[in-house]
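What follows is calculated from the coordinates using simple rules that are stated; it is not laboratory data. Please read these numbers as outputs of a predicted model, since none were measured by experiment. Counting neighbours? That spans all protein chains shown, and the Cβs are built from the backbone with ideal geometry, glycine included.
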Amino acid sequence: MNEPHLVLGIGELLWDMVEDGPVLVEQHGVPPRPSVSLGGAPANFTVMAGRLGNRAVLLSRIGRDELGRKAVEQLETIPADPSYLQVDPVHETGRVSVNMHSGQPSYIIHRPAAWDYLELSDDWVRLAERADVFCFGSLAQRCLESRQTIQTLAAQTTSKCIRVFDVNLRAPFYSSEVIQESLELATILKMNDAEVPLVLEMLGLPVLDGPVTDQLRQGAEGLLNEFPTLQMVAVTCGAEGSLLVRRDEWHKHPGRPVKVADTIGAGDAFTAAIAHYLLRGASLAKLNEAGNRWGGWVASQAGAMPALPDAARAEIESAIAVS
C-alpha cells in the first residue's frame, strides 16, 4: 500500500531553445540570447509526477548525440527515471525554438526528431500493463510510428489506469483523427481554454455562446457525452484558473496570483498534480487547488523543470493539505 504509484509519461523529450524576446531589446538595448532548457510536455509532466513522490518513468527517444547525452545527465539528477529511453541511431534529439513575448511562448518545432520514431518494446508494454497513470499527448502523434506505439500502449493499460490525454495543439501537427482516436482511449482530457473550441469543431460538436465558464463547461459536458470512457475534462485558463468537469459535478478555480517568469511547463505541472491527487481520491476542489498551486509555481520560475527547493515544496504541499 505504501509503494509509489507508477506514472508513465510518453512522447516528446526535447530541448527548448528560448530567446529572451523583444522586451530586453526595447527596454535595455540588449540583443535576445538563447537559453537552452530540457522540456517536452510528457517530460515536464513526468518530472513533476516524480517530485510529488510517484515512481515516474519517461518513455521517449533521443538521438545518439550531445543533446541526447545532456538530456540523460539532467534527468538523472531529478526524479524522472530515464532508464527506458530509446536511442535513435539516425535521428537527432528533439529541439524547439521558443520566442517569448510578454511571458507567452511561441514555438518552432523542428522535424524530424528522434521522438517521432518511438518503437513498441516488451519493456514498455510491461510498464504499461502495470501503470497507475499513463499520460500522452497529441504532438507526439504527428508521425505514424510514434502514434501507433502510443495508442497500442494506452490500450495495454488496465481498466483502473488513469489515462490522461493532454491536448497540445501545435500547428500543423494535429488532426481530428488523432484527437478522436486519443479520446476513445482516455479517461481524463486536459486542454487549455483556447483549445476547447478547436477540439469541439474538429469533432463536429457544437461551440455554444454565453459566459466563458458556461461555454467551457458545456463544451466539456459535450465531450463527456460523446466519449463514454472519459471520466473528467480539465481546462486550464491561464491567470483565470481552471475548470474541472465530471458528468455529475464541476468546479471552477479562480487561479492564484503569481509573478510569471514564463509559462513553459506550467500546464504540465497542473496535469501531474491533478493526476497525483486523483490517485488519492481527492475532491474536484482539491484537485483544482493542487493543479493551480503547482502550475503557478512553475510559471513563476524560468524553464519547464526548475529546481525545487525543499522550502517551496513544503509550503505548497501544506497549502494544498489545508485547502
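Things to note:
- Total formal charge among the other residues, if their Cβ is under 13 angstrom from that of Gln151, Lys/Arg +1 and Asp/Glu -1: -2
- By the beta-carbon count within 10 Å of each Cβ, the least crowded to most crowded order of Glu73, Glu317, fewest first, is Glu73, Glu317.
- Only lysine pairs 8 or more places apart or on separate chains count here, and in the chain those with Cα atoms under 23 Å apart total 6.
- Taking Leu144, Leu223 and counting other C-beta atoms within 10 Å, the order from fewest to most: Leu144, Leu223
- Inter-site label distance for Met17 and Thr158 at 7 Å from Cα along Cβ, in nm: 4.4
- Highest-first arrangement of 285-297, 109-121, where packing means the average Cβ count within 10 Å: 285-297, 109-121
- Rounded to the nearest 0.05, the FRET efficiency derived from the C-beta distance between Lys70 and Arg280 at R0 = 56 Å is 0.95.
- Across region 78-202, the relative contact order, built from alpha-carbon pairs under 8 Å that are at least six residues apart, equals 19 percent.
- The ranking of Ser300, Ser60 from fewest to most other beta carbons within 10 Å of each one's beta carbon is Ser300, Ser60.
- Option label - mean projected area of the Cα convex hull in nm² computed here, alternatives [x] 23.9; [y] 16.5; [z] 15.7: [y]
- For Asp81, residues with placed amide H under 5 Å, excluding near neighbours: Ala56, Val57, Leu58
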